[in-house]
1. Does segment 1-60 come out rounded, prolate or oblate by the C-alpha gyration tensor, with a ≥ b ≥ c the root eigenvalues, rounded set by a/c under 1.5 and, if not, prolate when a/b is larger than b/c and oblate if not?
2. Full-extension gain between residue 303 and residue 117, please, as 0.36 nm times their residue separation minus the C-alpha to C-alpha distance.
3. Based on other C-beta atoms within 10 Å, arrange 214, 45 from fewest to most.
4. Sort 162, 228 by Cβ crowding within 10 Å, fewest neighbours at the top.
5. Among 113, 344, which comes first, then next, by fewest other beta-carbon atoms within 10 Å?
6. Just report the Cα centroid separation between segment 204-228 and segment 61-85, whole Å.
7. In terms of the Cα gyration tensor, with a ≥ b ≥ c the square roots of its eigenvalues, is segment 165-282 rounded because a/c is under 1.5, prolate because a/b exceeds b/c, or oblate?
8. What is segment 93-132 by shape, rounded, prolate or oblate, if you read a ≥ b ≥ c off the alpha carbon gyration tensor as root eigenvalues and call it rounded for a/c under 1.5, prolate for a/b larger than b/c, and oblate otherwise?
Ligand code: MRU
């Protein structure tokens, strides 16, 4: 996507060939800061502190993290250490594990002198594949928006989205934003309601920023306003991202997504999740029972960072001292509340059969895990 008219990705191999460039997303929307990462520790820190975040980008970052590790040491021990350390940064987005498995497959059986080149080639390919996957999801999701525009006689289509599943959460284009940018660029009148997405405000600080950069009309709302807007017919469609989708179509995404799905079901608003195939975890079935949900630090809830009137970036406390805090970062929307999954191979139903039929090449060799017995 373009920033100030210049094409930009969220992550890249620097021209010096020995460092990884990233946008420091903790400084947005107030500052566009580029960081140069030169070691495995740098990348581990960047993922853990959410300098880079969003499932597809976490995957690409992990791949480049393995490259940084191999720049220092190409031994098996170094490779294993890099994978273990990167895998331990954040537990929920399955793209992380997927990318590490891809890197090990590309490097493990190579002689040491070939490992770095093989790793860089695979990491670059993972980044490029992510961009083409998002472009394809944009193409497959576009007809959903066009159909609503046609039904509304050309009046603008109002999409609600939660968190940031845009190009900042991927390498470029974005997952949930893929159809939105495709519609906007295709002249379909579109407007986006952007959930602020407490506690880290990825919607207010990242989604609003990137939509503005591209000229897409948007309105930031509090997380609790979405249901009200749906009740009053202001929302035509919900499109969210995903951090892990199980074999039966349960969707894990940013905390608060489940509540949007409930409101959408109650008000008859279609609810779609944009899911690139690396985010599908065919080893899991029952999302509620099986997906690890990250819990993050209390300070993300007790404090808020923003720009003061004099331009300084400040962090202030908003919760009384010594208050107990719980900070769950993700939740699971059961497949029964999902209208469809926008994937790079088309829009498919959130069911075991449709996922298996849509991605036969990704099924576990031993077959799909058994379906959980029907709950009483
Ligand atoms: O905690 P984050 O910012 O990494 O959470 C990001 C999300 O939940 C996104 O919606 C998801 O990763 C999809 S990104 C295309």
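Here, each number is a calculation from the coordinates, and none is a lab measurement. Everything quoted here is computed from the prediction, not taken from an experiment. Neighbour counts are summed over all protein chains in view; Cβ atoms, including those assigned to glycine, are modelled from backbone coordinates with ideal geometry.
1. Since a/c reaches 1.5 but b/c is at least a/b, the shape of segment 1-60 is classed as oblate.
2. Details: separation 186, 0.36 × 186 = 66.96 nm, distance 4.33 nm.
Taking residue 303 through residue 117 to full extension adds about 62.6 nm, to one decimal.
3. Lowest count first: 45, 214.
4. 228, 162
5. Exposure proxy ranking, most exposed first: 113, 344.
6. Taking the Cα centre of segment 61-85 as reference, the centre of segment 204-228 is 37 Å away.
7. rounded
8. Oblate, because a/c is 1.5 or more while a/b does not exceed b/c.
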